[in-house]
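Worksheet for the structure shown next.
Each value in this text was obtained by applying a stated rule to the coordinates, not by laboratory testing. The structure displayed is predicted, hence computed values, not measured ones. Glycine also receives a Cβ, built like all others from the backbone with ideal geometry; neighbour counts cover every protein chain displayed.
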Amino acid sequence: MNENLRVLIRELTAIEGISGQEQKVVRAILDHVRPLVDEVSVDIFGNIIAIKHGDKPGPKVLIAAHTDEIGAIVKSIEKNGWIRFEKIGGTGDALLLRRQMAIKGHFGIVGAKSGHFMTPKERTEVKPFSELYIDVGCSSDEEVATLGIKPGDPICHWPYYNEFADQDLICSKALDDRVGCAILIQMLEEMQRLSFAGTVYAVFTVQEEVGLRGAQVAATNIKPDYAIAVDTVPSGDTPDVNFIKELPVGIGRGPLLQLMSRSFLMNPIMKKIMLEVCERSGEPYQVALFTGGNTDAASMHLAAGGILCAALTIPRRYSHSPVEVMDMKDCISTLNILLQFVADMENMVDLSFEDME
């Protein structure tokens, strides 16, 4: 299981797929899920809806992971070949300078003045992305055109994957949230040998990084009884973060049951269900609040008249950069918790809000 998941993660993180242009990722995931499910489709928005029916009556459960990654888009091309761009998703300007980028498979670098020519002020300031450019090795806009690059083309971090001496620790671009996609694929593989009740909708959503858009569309159409967003979350275990005051979440300690995000509060019914599932799974897990961002749960819980939602998120270091770091043990724990949820679906009973403590 560990090695299969690792291979999937490495494959999926290498693919280019910024928000709104996830087609390559969608095609790759479809190849994996078609043999594993009873029905599969891609909606007009680009979400993959992979349906697996249980052998007994039970609830409808939507388990989502998003396919898109942060990046940029070509805005214009200067006469001398420099490429100007707009950001897609939440990349900090400080993380862009001198980064290796990919545009339609071509190598590029976010350029910067040599340190030899910088003033003392320039050496410490962060340039806004609007002043940055990408060098693809061309000296004219005509040369850029011969590469097939034009305004509107997606720009991604250059594919990068590595492992630390502790091989449970992996580093790559787009771990957010190709890791979640890989876990959903592996979950469907493990479900081939699992008896369960109800119907599982494994949904690979689009445009999460620009407003949780795909998940809202999918949840509205599916109208599940329960939904879980499988995503990633920053960790608070590096020297520059106050672990207790800011975020008591670390890698290698299990996934985070995220009780609160920027615009999501977990319903007490779903909190009770998830805590019980996590305990029964026997896997390590963490419980905390993270209000610095959102997951697909924030849009799904308001869809279709209201849906019981959870956010199960995997801690990562160096978020929204090409060198995100994650612990494979947390990925395995997340997978096993999801499988426990599926196995428990036949025992789920209606709970009332007013009876929750």
Original post:
Setting aside same-chain residues fewer than 8 positions from K271, which lysines have a Cα under 19 Å from its Cα?
Top reply: K60
Original post:
How far is helix 328-343 tilted off the main Cα axis of the chain, in degrees rounded to 10, range 0 to 90?
Top reply: 30 degrees
**OP:** Place a +1 charge on the Cβ of each Lys and Arg in segment 71-157 and a -1 charge on the Cβ of each Asp and Glu, then give the dipole magnitude about the Cα centre in debye, rounded to the nearest 20.
**Re:** 220 debye
Original post:
Could the peptides 237-244, 255-262 be put in order, highest first, of the mean number of other beta-carbon atoms found within 10 Å of their residues?
Top reply: 255-262, 237-244
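State, as an integer percentage, the relative contact order of the chain based on alpha-carbon contacts under 8 Å between residues 6 or more apart.
Details: 820 pairs, mean separation 81.2, N = 357.
After rounding, I find 23 percent.
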**OP:** Quick one: of K52/K272; K272/K329; K79/K150; K87/K113; K87/K173, which pairs are farther than 18 Å apart, Cα to Cα?
**Re:** K52/K272; K272/K329; K87/K113
**OP:** Using only Cα atoms, find the angle between the long axis of helix 268-281 and the longest principal axis of the chain, and express it within 0 to 90 degrees, rounded to the nearest 10.
**Re:** 90 degrees
Subject >> Extreme residue, positive dipole direction of segment 71-157, given options I88, T146, T119 (C-beta unit charges) >> reply: T119
**OP:** Calculate the length of the line joining the C-alpha centroid of segment 98-171 to that of segment 3-53, in whole Å.
**Re:** 27 Å
Original post:
Against the longest principal axis of the chain, how steep is helix 175-190, in degrees 0 to 90 to the nearest 10, with axes from Cα atoms?
Top reply: 40 degrees
**OP:** Looking at the chain, send over the antiparallel percent of its DSSP beta bridges, to the nearest 5.
**Re:** 60 percent
